[in-house]
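Data block below; observations after.
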Amino acid sequence: MTRLLVTGAAGFIGSNFVRRALETAPHLRLIAYDALTYAGNLANLSDVLSDERLTFVRGDICDSDQLDALPQVDAIINFAAESHVDRSIMGSAEFVRTNIQGVHTLLEYARRTNVSRLVQVSTDEVYGSLGSTGKFTEESPLAPNSPYSASKAAGDLLARAYHETHKTPVIVTRCSNNYGPYQFPEKVIPLFITNRLQDLKVPLYGDGLNVRDWIHVQDHCDALLLVLDKGAPGVVYNIGGGCEITNLELTREILRRLDSDESCIERVTDRPAHDRRYAVDFSRISSQLGWQPEIDFAEGLSATVDWYRRNEAWWRAVKDGQYLEYYNKQYAQR
């Protein structure tokens, strides 16, 4: 049995990864580790917290003493991150702390404990913005344009340096935009879905022609499990959905599934330094590890809309802050 430390396990991608690992990787025993900041929601794991292969620990990746108090682990996958671009524009201190200092603390922990590998989950945003053609490869220069993406790029470079200097078995993954269940409703897809379920308008930045490559979170998690098992230390793997769509087209697809029209769109001032287009070449992970995305975007988006319809109590608790009271009740004595 392999003991895996999953940091940021109560967030969107982390919680989906925990669930997918329990479903498909019976050899893994998981320590789900999360500081339960605003985007960490223990309700995201409510259906698996009783699984005997899962142990939840509330902890901060910046706290080396907390990490040292954990049982010995064989491997680490790091989802813990501040990840919202708009928040990083308003104030970047927490992004620097978690995405740089936190990664450094984890790398030191991995070096001290001789783990077999550490997967640093990153983003295609570290590459910056594309023109109308071409795709990011793993050799593309890092050119981040927001404090968020700059902090993630810094964490990636620390991971590279630890592999080169200390031979720490680090693997970096860079994924395109994720969507699916349990995504915090400040991100565009859950925000637009839940706004319409509340009969509110959807705020669309600028001309809406910014392009993103979308991947269902389950496909991302399957890719990460493969990287964890067969990926090569020191290597970067891009992970993409192969589905480029403008924000305006995305908005129309969401509205159509919710029986709404474009009168529900509220045009808002574009964010500063808004990257125009992302698209990743994921041929490396396909050719070397045999991974391909499997979930069709149209079907995945419909399923995501249906999930938010069925789970109104979850997203209402998040949007009105009640989920934070749940944390306080559950962990007041810890």
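The values are calculated or read from the model by the stated rules, or taken from the named source; none is laboratory data. For clarity, every value in this text was computed on a predicted model and none was experimentally measured. Every residue, glycine among them, receives a Cβ derived from its backbone with ideal geometry; neighbour counts consider all protein chains shown.
Checking GLN101, GLN66 one by one, the residue that is in contact with an Asp or Glu (Cβ under 9 Å, 6 or more places away or on another chain), at pLDDT 95 or above, surrounded by 15 or more Cβ atoms within 10 Å (Cβ to Cβ) and at negative phi is GLN66 and no other. Across the stretch 239-285, the qualifying residues are those that are polar (S, T, N, Q) and within 12 Å of PRO203 (Cα to Cα), and the one among them that is farthest from the chain's Cα centre (by Cα) is SER263.
Within the stretch 298-318, residues that are of a type in the set (D, E, K, R) reach partners that are surrounded by fewer than 16 Cβ atoms within 10 Å (Cβ to Cβ) and part of a helix (DSSP H, G or I) with beta carbons closer than 8 Å, at six or more positions or on different chains, in the pairs ARG309/LEU197; GLU312/LEU197; ARG316/GLN322. Counting residues in the stretch 303-311 that are in contact with a helix residue (DSSP H, G or I) (Cβ under 6 Å, 6 or more places away or on another chain) and crowded, with 18+ Cβ neighbours inside 10 Å gives one or more.
The set of residues from the stretch 20-34 being out of contact with any Gly (no Cβ under 6 Å at 6 or more places or on another chain) and surrounded by 21 or more Cβ atoms within 10 Å (Cβ to Cβ) comprises ALA21, LEU28, LEU30, ALA32. Taking the criterion of being among the hydroxyl-bearing types (Ser, Thr, Tyr), farther than 23 Å from LYS152 by Cα and out of contact with any Ser or Thr (no Cβ under 9 Å at 6 or more places or on another chain), would at least one residue in the stretch 26-45 satisfy it? Checking the stretch 26-45: not a single residue is among the hydroxyl-bearing types (Ser, Thr, Tyr), farther than 23 Å from LYS152 by Cα and out of contact with any Ser or Thr (no Cβ under 9 Å at 6 or more places or on another chain).
Okay, residues lined up against (1) in a strand (DSSP E or B); (2) in contact with a helix residue (DSSP H, G or I) (Cβ under 9 Å, 6 or more places away or on another chain); (3) at pLDDT 95 or above:
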{"position": "ILE215", "(1), (2), (3)": "yes, yes, yes"}
{"position": "HIS220", "(1), (2), (3)": "no, yes, yes"}
{"position": "LEU226", "(1), (2), (3)": "no, yes, yes"}
{"position": "ALA232", "(1), (2), (3)": "no, yes, yes"}
{"position": "ILE254", "(1), (2), (3)": "no, yes, yes"}
{"position": "ASP270", "(1), (2), (3)": "no, no, no"}
{"position": "HIS274", "(1), (2), (3)": "no, yes, no"}
{"position": "TRP291", "(1), (2), (3)": "no, yes, yes"}
